[in-house]
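Trainee: The structure that follows is given in the form of structure tokens.
The values are calculated or read from the model by the stated rules, or taken from the named source; none is laboratory data. None of these values were measured; they are calculated from a predicted model. So basically every Cβ, Gly included, is an ideal-geometry build from the backbone, and we count neighbours across all protein chains shown.
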Amino acid sequence: MSKENSDPHIAESKPRFIPGVNERKFIHSRLYDRLRYFVRLPLANSFTRGITALCACIATTHAIAYFWKGPGHPLNRYRWNQMKKRGELSPELLEKERLLSDYIVDHWKNPRETLPKINTFR
């Protein structure tokens, strides 16, 4: 306080401390705290861990199929039907579809004979 004014409720004309401009580090920022929160969120409890593991398995399966079969190969039935409508399926894939559908139709029309039941307890 100044010497002229001894009342404690009146603010001084010039402050005692002026904070200097310091460079803030990234780890001291709010953005870093938010990023840490969202990175830890999928592993917070067992339910979200399971969902995260399921998503990781699906992504890994699709990535392996993409690199193994190539970018022109459909990865699921939805993409298969889209590519079939647009005429993008190769003749090899169309032949594969025909063989599988013929097998399924034949399996339902001509089922195998059932095996006789064996009584083990008499």
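Trainee: Search the range 29-42 for residues being over 19 Å from the mean Cα position of the chain (by Cα) and exposed (fewer than 10 other Cβ atoms within 10 Å of the Cβ), and hand back the single one that is nearest to A53 (Cα to Cα). I'd like the intermediate steps shown before the answer.
Mentor: If we filter the range 29-42 for residues that are over 19 Å from the mean Cα position of the chain (by Cα), which is where we start, we get 29-34.
Right, trim to exposed (fewer than 10 other Cβ atoms within 10 Å of the Cβ) and you get 30-31.
Values: R30: 28, L31: 26 Å.
Across the range 29-42, the extreme among qualifying residues is L31.
Trainee: Give the residue, chosen from G50, G70, that is surrounded by fewer than 10 Cβ atoms within 10 Å (Cβ to Cβ) and within 29 Å of the chain's Cα centre (by Cα). Lay out the reasoning, then the answer.
Mentor: Values: G50 fails: surrounded by fewer than 10 Cβ atoms within 10 Å (Cβ to Cβ).
So the residue among G50, G70 that is surrounded by fewer than 10 Cβ atoms within 10 Å (Cβ to Cβ) and within 29 Å of the chain's Cα centre (by Cα) is G70.
Trainee: When you look at I104, is it assigned to a loop (DSSP other than H, G, I, E, B) and over 26 Å from the mean Cα position of the chain (by Cα), yes or no?
Mentor: Numbers: assigned to a loop (DSSP other than H, G, I, E, B): no; over 26 Å from the mean Cα position of the chain (by Cα): yes.
Answer is no for this residue.
Trainee: Could we say that F26 is under 21 Å from the mean Cα position of the chain (by Cα) and either loosely packed, with under 10 Cβ neighbours inside 10 Å or in contact (Cβ under 8 Å) with a residue 24 or more places away in the chain (or both) here?
Mentor: Details: under 21 Å from the mean Cα position of the chain (by Cα): no; either loosely packed, with under 10 Cβ neighbours inside 10 Å or in contact (Cβ under 8 Å) with a residue 24 or more places away in the chain (or both): yes.
Against the criterion (under 21 Å from the mean Cα position of the chain (by Cα) and either loosely packed, with under 10 Cβ neighbours inside 10 Å or in contact (Cβ under 8 Å) with a residue 24 or more places away in the chain (or both)), F26 does not qualify.
Trainee: Only one of (1) at pLDDT below 70; (2) assigned to a helix (DSSP H, G or I) is not met by R36, so which one is it?
Mentor: (1)
Trainee: Given the condition part of a helix (DSSP H, G or I), free of Cβ contacts under 8 Å to residues at least 60 places away in the same chain, under 21 Å from the mean Cα position of the chain (by Cα) and at negative phi, answer yes or no: does some residue in the range 78-87 qualify?
Mentor: First, the residues of the range 78-87 that are part of a helix (DSSP H, G or I): 78-86.
Adding the requirement that they be free of Cβ contacts under 8 Å to residues at least 60 places away in the same chain leaves 78-86.
After this cut, where a residue has to be under 21 Å from the mean Cα position of the chain (by Cα) as well, the list is 78-79.
Filter again for at negative phi, leaving 78-79.
Checked the range 78-87: at least one residue is part of a helix (DSSP H, G or I), free of Cβ contacts under 8 Å to residues at least 60 places away in the same chain, under 21 Å from the mean Cα position of the chain (by Cα) and at negative phi.
Trainee: Let me ask another. Exactly one of these conditions fails for N76: (1) surrounded by fewer than 11 Cβ atoms within 10 Å (Cβ to Cβ); (2) within 27 Å of T61 (Cβ to Cβ); (3) modelled with pLDDT of 90 or more; (4) not hydroxyl-bearing (S, T, Y). Give me its number.
Mentor: Unmet condition: (3).
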